[in-house]
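One structure is given here, and the rest of the page talks about it.
The values are calculated or read from the model by the stated rules, or taken from the named source; none is laboratory data. Note that the structure is a prediction, hence the values are computed from the model and not measured. With ideal geometry, Cβ positions are generated from the backbone for all residues, glycine too; neighbour counts draw on all protein chains shown. Each accessible area value is taken on the protein alone, full model and side chains, heavy atoms only, with ligands, DNA and RNA left out. Shrake-Rupley method; radii C 1.70, N 1.55, O 1.52, S 1.80 Å.
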Amino acid sequence: MSKRQLCNQCGRALAACFCHTISAINNQLSLVILQHPSEVKHARGTAKIVELSLTNCDILVGEDFSQDEKFNALFESPEKLLLLYPSDDAVSPSQFSANLTQETSKSLQDYKIIVIDGSWKKAYKIFCLNPLLATIASIGIDANFESNYRIRKSSRQDSLSTLEACHSLLTQVEGQYFDGLLASFDYMVEFQLKSMPVDVQARYQ
Ligand SMILES: [Zn+2]
């Protein structure tokens, strides 16, 4: 039996490869995505699109990052980190931008945003297993931002895919440069809808 051929860039089966839709975007505010291991091969995961599209984006795969060198290096300058998380005291993207305008000694490039990828449950698990994440300030995203993600049903109304959350945050902070992310995302969603049996498709319309 021959093994199913995978794209060595996006990791998808060749038929599902979305690499031709990727446009490189030079983001100033860097992202570090913490990805649960069970998400790596997830056909509906969106973190890979974000990583391949953005010039300044890293993915760290794991659950407990206490032994991860790259993760621990981030926390050598915790004042430059923000966790993308909808906590009650999260700063809004517009507030973050306003603060930055006032502090002329700092620029967008000084900051890193940590994003937890995965279902709400797995993201929460990563948050709990890595107490350092609770020690840094958090940044939220505009609650009015609407999800187009029809594929992954979520138990939370306000839950966005990782890609949508990153798109929303970067657009609000840097401007309208990130719609290429949505184009790849839409391609992936449409591809998956087309691959479903007709009766299953109907549930997502
Ligand atoms: Zn590919």
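Hey, can you tell me all the residues within region 113-133 that are in a helix (DSSP H, G or I) and either touching a helix residue (DSSP H, G or I) at 6+ places or on another chain (Cβ under 7 Å) or farther than 25 Å from residue 172 by Cα (or both)? Write out each step before concluding.
First, the residues of region 113-133 that are in a helix (DSSP H, G or I): 120-129, 131-133.
Once the filter is applied, which keeps residues that are in a helix (DSSP H, G or I) and either touching a helix residue (DSSP H, G or I) at 6+ places or on another chain (Cβ under 7 Å) or farther than 25 Å from residue 172 by Cα (or both), region 113-133 yields 121, 122, 125, 126, 127, 128, 129, 131, 132, 133.
What's the number of the only condition in (1) at pLDDT 90 or above; (2) more than 17 Å from the chain's Cα centre (by Cα) that residue 4 fails to meet?
Failed condition: (1).
What is the number of the single condition among (1) in contact (Cβ under 8 Å) with a residue 12 or more places away in the chain; (2) away from the ligand (no atom under 15 Å from the Cβ) that residue 76 does not meet?
Among (1) in contact (Cβ under 8 Å) with a residue 12 or more places away in the chain; (2) away from the ligand (no atom under 15 Å from the Cβ), residue 76 violates only (1).
Being open to solvent by 50 Å² or more (accessible area, probe 1.4 Å), more than 15 Å from the chain's Cα centre (by Cα) and closer than 15 Å to residue 29 by Cβ is the filter here, so list the residues in region 94-133 that pass it.
Matches in region 94-133: 94, 95, 99, 101, 103, 106, 109, 110.
With 83, 60 as the choices, which residue is open to solvent by less than 60 Å² (accessible area, probe 1.4 Å) and more than 26 Å from residue 12 (Cβ to Cβ)?
Values: 60 fails: more than 26 Å from residue 12 (Cβ to Cβ).
Only one candidate passes the filter, namely 83.
Just one of 113, 33, 49, 25 is touching a Ser or Thr at 6+ places or on another chain (Cβ under 8 Å) and within 16 Å of the ligand (Cβ to nearest atom); which is it? Break it down into steps so the answer makes sense when it comes.
On the way: 113 fails: within 16 Å of the ligand (Cβ to nearest atom); 33 fails: within 16 Å of the ligand (Cβ to nearest atom); 25 fails: within 16 Å of the ligand (Cβ to nearest atom).
The match here is 49.
Which of the residues belonging to region 157-182 are closer than 16 Å to residue 51 by Cβ and surrounded by fewer than 18 Cβ atoms within 10 Å (Cβ to Cβ)?
Matches in region 157-182: 180, 182.
For residues that are of a type in the set (Asp, Glu) and under 26 Å from residue 121 (Cβ atoms), scanning just region 154-185, find the one that is modelled with the lowest pLDDT.
Initially, region 154-185 is screened for residues of a type in the set (Asp, Glu), giving 158, 164, 174, 179.
This time we only want the ones that are under 26 Å from residue 121 (Cβ atoms), so: 158, 164.
Working: 158: 50, 164: 87.
Per the stated criteria, the residue is 158.
Looking at (1) out of contact with any Gly (no Cβ under 9 Å at 6 or more places or on another chain); (2) at pLDDT 80 or above; (3) open to solvent by 30 Å² or more (accessible area, probe 1.4 Å), which is the only condition residue 140 fails?
Evaluating residue 140 over (1) out of contact with any Gly (no Cβ under 9 Å at 6 or more places or on another chain); (2) at pLDDT 80 or above; (3) open to solvent by 30 Å² or more (accessible area, probe 1.4 Å) leaves (3) as the failure.
Return the total of residues in region 89-114 being without any contact (Cβ under 8 Å) to a residue 40 or more places away in the chain and of a type in the set (Asp, Glu). Show your work before the answer.
The first filter runs over region 89-114 and keeps only residues without any contact (Cβ under 8 Å) to a residue 40 or more places away in the chain, leaving 95, 98-106, 110.
Those left that are additionally of a type in the set (Asp, Glu): 103, 110.
Number of matching residues: 2.
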